[in-house]
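Nothing in this text is a laboratory measurement; each read-out follows from the coordinates by a stated rule. These figures come from a predicted structure and were not determined experimentally. Quick reminder, even Gly has a Cβ in these numbers, built from the backbone with ideal geometry, and neighbours come from all protein chains shown.
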Amino acid sequence: MTDNRFSRRSFLRTWGLATAGIIGGGALAAPGQLLALSEPLDPGDPEVPNEEVARILKNLFGDRPIRKGHVSLDMPAVAEDGRVVPVIVESDLPMTAKQYVKGVHLIVDFNPDAHLAAYHLTPTVGSVSISTRIKMKRSTWVRAILETNTGEVWADYARVLVSLNGCG
Amino acid sequence: MTTSIGDARIRVPDRISRGDLITVNSIISHPMDTGFFRTAEGQPIPAFFIKDVVVTYGDQEVARFEWTSGISRDPVLSFTIKADREAPLTMVWSDNQGGVFQQSVNIAFISA
């Protein structure tokens, strides 16, 4: 009898876990399907750009590698109003006469004009710490890419959820 | 609010010493129309935006910001400057319909 009871308990436990797994999995999958219906999802990895962004990056930097680092792109994770989204770009790279950041590019992947802004700097600026406010059409990746006078290219990325389309 | 297009302000710290890294804050009044919107009567609103901002410090161009209509209306811009000389800091905003707006502040050091 004891054997029998034990095996029933273990059977129930296994069955219970399996059921929980199925229900849990189903609940997790549902929001993903809803999202997929409302708008096509972005590529999850910002280093795989869409066609338009790939063309812009090719024009700006050619075949030079775009590495992540030395830049910090500070943006809200959720932007309620896509017409006014604050952007702060900072960098720890030196700004001396010999070595400085000569350009900063802001690219918003799914905006009508994806290459949103280009900043051209000189050593007198002293540091890269630039803030402004931009418009965003929809939830996507924002790229801040900077170029040094020696030709190095550094980047940082931010995923921003946009509630209200700011581009019409 | 009785601001008209092109009204601009630049703010720098009150007390600046030689060699300070100062933050320059600026704002200009401009609609920054993308060209994608229409009026309530259905007339398209043509694109009307600032396309570049040039910053000169003394007689040297220190920074140039190229913009598109993706910058929000009444654009704010802040950046840093290494205050190594007493000279005027001038910003010139140019829009895509030929408008040119200028504003400047004087960078002067406090007498120690």
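Across segment B:75-89, which residue is farthest from the other protein chains (Cβ to nearest Cβ) among those that are free of Cβ contacts under 8 Å to residues at least 60 places away in the same chain and either among the aliphatic types (A, V, I, L, M) or within 24 Å of A:Pro86 (Cα to Cα) (or both)?
Residue satisfying both the conditions and the ranking: B:Ala87.
Starting from residues that are β-branched (Val, Ile, Thr) and part of a loop (DSSP other than H, G, I, E, B), keep the ones in segment B:34-52 and report whichever is surrounded by the fewest Cβ atoms within 10 Å (Cβ to Cβ).
So the residue we want is B:Thr39.
Listed here are the residues, each with its yes/no results for (1) free of Cβ contacts under 8 Å to residues at least 60 places away in the same chain; (2) more than 15 Å from B:Leu77 (Cα to Cα).
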| residue | (1), (2) |
| --- | --- |
| A:Pro76 | no, yes |
| A:Asp92 | yes, yes |
| A:Gln99 | yes, yes |
| A:Leu116 | yes, no |
| A:Trp141 | no, yes |
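So, in segment A:109-131, of the ones that are in a helix (DSSP H, G or I) and at the interface with chain B (Cβ under 7 Å from one of its Cβ atoms), which residue ends up surrounded by the most Cβ atoms within 10 Å (Cβ to Cβ)?
Filtering segment A:109-131 for residues that are in a helix (DSSP H, G or I) and at the interface with chain B (Cβ under 7 Å from one of its Cβ atoms), the one surrounded by the most Cβ atoms within 10 Å (Cβ to Cβ) comes out as A:Val125.
Check B:Thr90, B:Thr56 and return the single one that is among the polar types (S, T, N, Q), over 11 Å from the mean Cα position of the chain (by Cα) and surrounded by 16 or more Cβ atoms within 10 Å (Cβ to Cβ).
Values: B:Thr90 fails: over 11 Å from the mean Cα position of the chain (by Cα).
None of the other options fit; the residue is B:Thr56.
May I ask you to list the residues in segment B:54-74 that are free of Cβ contacts under 8 Å to residues at least 24 places away in the same chain and outside any loop (DSSP other than H, G, I, E, B)?
B:Gln60, B:Glu61, B:Val62, B:Ala63, B:Arg64, B:Phe65, B:Glu66, B:Trp67
Within segment B:75-87, count every residue that is in a loop (DSSP other than H, G, I, E, B) and over 12 Å from the mean Cα position of the chain (by Cα).
4
Identify the residue in segment B:5-33 that is hydrophobic (A, V, I, L, M, F, W, C) and not in a strand (DSSP E or B) and, among all such residues, is surrounded by the fewest Cβ atoms within 10 Å (Cβ to Cβ).
Selected residue: B:Ile5.
Could you please let me know if A:Asp81 is in contact with a Leu (Cβ under 9 Å, 6 or more places away or on another chain) and surrounded by fewer than 21 Cβ atoms within 10 Å (Cβ to Cβ)?
For A:Asp81, the condition - in contact with a Leu (Cβ under 9 Å, 6 or more places away or on another chain) and surrounded by fewer than 21 Cβ atoms within 10 Å (Cβ to Cβ) - is met.
Scanning for something in contact with a His (Cβ under 7 Å, 6 or more places away or on another chain), more than 12 Å from chain B (Cβ to nearest Cβ), closer than 13 Å to A:Thr148 by Cβ and aliphatic (A, V, I, L, M), does segment A:80-97 turn up at least one residue?
Yes, segment A:80-97 contains a residue that is in contact with a His (Cβ under 7 Å, 6 or more places away or on another chain), more than 12 Å from chain B (Cβ to nearest Cβ), closer than 13 Å to A:Thr148 by Cβ and aliphatic (A, V, I, L, M).
Within segment B:39-56, can one find any residue that is at the interface with chain A (Cβ under 9 Å from one of its Cβ atoms), touching a His at 6+ places or on another chain (Cβ under 9 Å) and more than 20 Å from B:Ser104 (Cβ to Cβ)?
no
Working only within segment A:132-168, note down all residues that are farther than 30 Å from B:Ala83 by Cβ, within 14 Å of another protein chain (Cβ to nearest Cβ), in a strand (DSSP E or B) and of a type in the set (Lys, Arg).
A:Arg143
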